[in-house]
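Peer 1: Dumping the structure here so I can ask a few things about it.
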Amino acid sequence: MVKQLNPKEILEANIASGVTKTEAGFLKLILLSFMAGMFIAFGGEASNLATFSLITSPATFGLGKCLAGVIFGAGLMMVVLCGGELFTGNCMIFTAVLDRKTTVSKMLRNWVIVYVGNFIGSVFVAYLLSQSGQFGAGSDMLGAMTLKIAAGKCGIDFTKALIMGIFCNILVCLAVWLATGADSTVGKIFGIFFPIWLFVLSGFEHSVANMYFVPAGIFAKANASFVSLSGVSAEALANLSWSGFLINNLVPVTIGNILGGAVFVGAIYYAALKKA
């Protein structure tokens with residue numbers, strides 16, 4: 001009978017997983033990261049669809065975020081249970097580097113390939129959804145809110161985006177940590193559910209999720225009805241571009257995600273459980 005792992009055993013399992021991930025071939029990594037990007041995008045799409053009417057009103061905004069958190073976690077559940085390579089979770093490969101089981105160069109190779117694969121998978125879903133007509137749901141209000149959410153993410157201050165990225169990946173990596181320790185599918189689902197619920201409800205920033213949210217908004221920007229209904233200012237609309245996404249959101253959020261997963265989860269648990 002498989003038993004639930006204790007924290008030290010979870011750390012050892014994570015180190016072993018990090019070694020396996022850094023030794024994986026390019027084709028395996030790019031395909032599984034593409035799938036993971038799609039899974040996270042599906043979570044983002046569904047959470048937007050379920051909550052767009054709630055988050056338009058201050059009176060129901062918190063309820064909308066709460067519901068979004070309930071739904072979004074399905075993305076990470078699919079990554080963990082179906083098989084996928086997710087950049088944010090792979091930030092904990094750093095534990096294998098600290099344990100001298102792999103090298104920094106191998107870790108960076110994994111991160112780059114997986115990051116690119118996650119991006120392709122997320123944008124693939126965003127583009128196809130924009131062509132499907134789904135953003136027209138709710139008399140075009142889904143498209144308008146998709147655009148508004150994306151514009152808001154491209155207008156976040158660098159420092160705030162960095163901090164929100166740190167907080168996000170602390171919770172995402174703790175979700176993976178809990179799932180690693182669970183001894184059943186149900187246990188893994190519950191282990192993932194609550195930390196992801198917290199991160200979405202809190203509005204923290206996830207680089208791979210934003211690879212869906214912002215491109216979806218950029219594609220929605222081409223529809224005049226969505227733009228009109230969104231109420232987004234001309235300045236914010238101008239910032240909603242591929243360059244604006246990269247500079248104003250993706251770079252600081254990615255740095256924050258790395259710090260949150262590699263340092264605040266991986267390195268701290270390594271120091272506490274392996275060296276202390």
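The values are calculated or read from the model by the stated rules, or taken from the named source; none is laboratory data. These figures come from a predicted structure and were not determined experimentally. Methodologically, a virtual Cβ is constructed for each residue, glycine included, from the backbone with ideal geometry; neighbour enumeration extends over all protein chains shown. Just the protein is used for accessible areas: all its heavy atoms, side chains included, with ligands, DNA and RNA removed. Shrake-Rupley method; radii C 1.70, N 1.55, O 1.52, S 1.80 Å.
Peer 1: Using the Cα centre as the reference, give the magnitude of the dipole from point charges on the C-beta atoms of region 64-192 (Lys, Arg: +1; Asp, Glu: -1; all else neutral), rounded to the nearest 20 debye.
Peer 2: 240
Peer 1: Using alpha-carbon pairs under 8 Å, 6+ residues apart, how would you state the relative contact order of the chain in percent?
Peer 2: Details: 495 pairs, mean separation 81.5, N = 276.
After rounding, I find 30 percent.
Peer 1: Going toward the positive end of the dipole of the chain, with +1 on Lys and Arg Cβ and -1 on Asp and Glu Cβ, which of Gly83, Phe245, Met164 do you reach last?
Peer 2: After comparing all options, I get Gly83.
Peer 1: Further question on the same structure: Just to confirm the number: angle between the C-alpha axis of helix 158-181 and the first principal axis of the chain, 0 to 90 degrees, nearest 10?
Peer 2: Relative to the chain, helix 158-181 is tipped by roughly 50 degrees.
Peer 1: Can you give the relative contact order of region 168-248 as a percent, counting alpha carbon pairs under 8 Å and 6+ residues apart?
Peer 2: On the way: 46 pairs, mean separation 18.9, N = 81.
For region 168-248, the relative contact order is 23 percent.
Peer 1: Also, I was wondering about something else. Roughly how many percent of the accessible protein surface of region 49-119 is carbon and sulfur, given a 1.4 Å probe and a whole-percent answer? Show your work: numbers first, answer last.
Peer 2: Working: 2150 of 2990 Å².
Whole-percent figure for carbon plus sulfur exposure: 72.
Peer 1: Just the accessible area per residue of region 1-152, please: how many Å² with a 1.4 Å probe? Numbers along the way, then the final one.
Peer 2: Details: 6690 Å² over 152 residues.
For region 1-152, the per-residue accessible area is 44 Å².
Peer 1: Here is a further query. Taking the 0 to 90 degree range and rounding to the nearest ten, how far is the long axis of helix 104-132 tilted relative to the main principal axis of the chain, both from C-alpha atoms?
Peer 2: Compared with the principal axis, the helix lies near 30 degrees.
Peer 1: Let me ask something else. Per-residue accessible area for Thr22 at 1.4 Å probe radius, Å² rounded to 10?
Peer 2: Estimated to the nearest 10 Å², Thr22 gives 10 Å².
Peer 1: Compute the angle between helix 26-51 and the longest alpha-carbon principal axis of the chain, please, reported from 0 to 90 degrees and rounded to the nearest 10.
Peer 2: 50
Peer 1: Still on this structure, please answer the following. When only C-alpha pairs under 8 Å and at least 6 residues apart count, what is the relative contact order of region 1-145, in percent?
Peer 2: On the way: 171 pairs, mean separation 54.7, N = 145.
Once divided by the residue count of region 1-145, the mean separation gives 38 percent.
Peer 1: Of the heavy-atom accessible surface of region 164-257 (probe 1.4 angstrom), what whole percent is carbon and sulfur? Display every interim value, and only then the final one.
Peer 2: Values: 2550 of 3520 Å².
Exposed carbon and sulfur together represent 72 percent of the surface.
Peer 1: Related question: Using the structure shown, list the pairs from Lys8/Lys106; Lys65/Lys106; Lys65/Lys101; Lys65/Lys275 with a Cα-Cα distance above 32 Å, or answer none. Mind showing how you got there, number by number?
Peer 2: Numbers: Lys8/Lys106 24 Å; Lys65/Lys106 37 Å; Lys65/Lys101 40 Å; Lys65/Lys275 39 Å.
Going by Cα-Cα distance, Lys65/Lys106; Lys65/Lys101; Lys65/Lys275 fall outside the 32 Å limit.
Peer 1: Turning to a different aspect of this structure: Per residue, how large is the accessible surface of region 170-276? Use a 1.4 angstrom probe and give square angstrom. If you can, show how the numbers build up before the last one.
Peer 2: Working: 4320 Å² over 107 residues.
So region 170-276 comes to 40 Å² accessible per residue, rounded to a whole number.
Peer 1: Sorting check: for 66-77, 187-198, which peptide has the highest mean count of neighbouring beta carbons within 10 Å, and how do the rest follow? Numbers along the way, then the final one.
Peer 2: Working: 66-77: 22.1, 187-198: 19.3.
Order by mean packing, descending: 66-77, 187-198.
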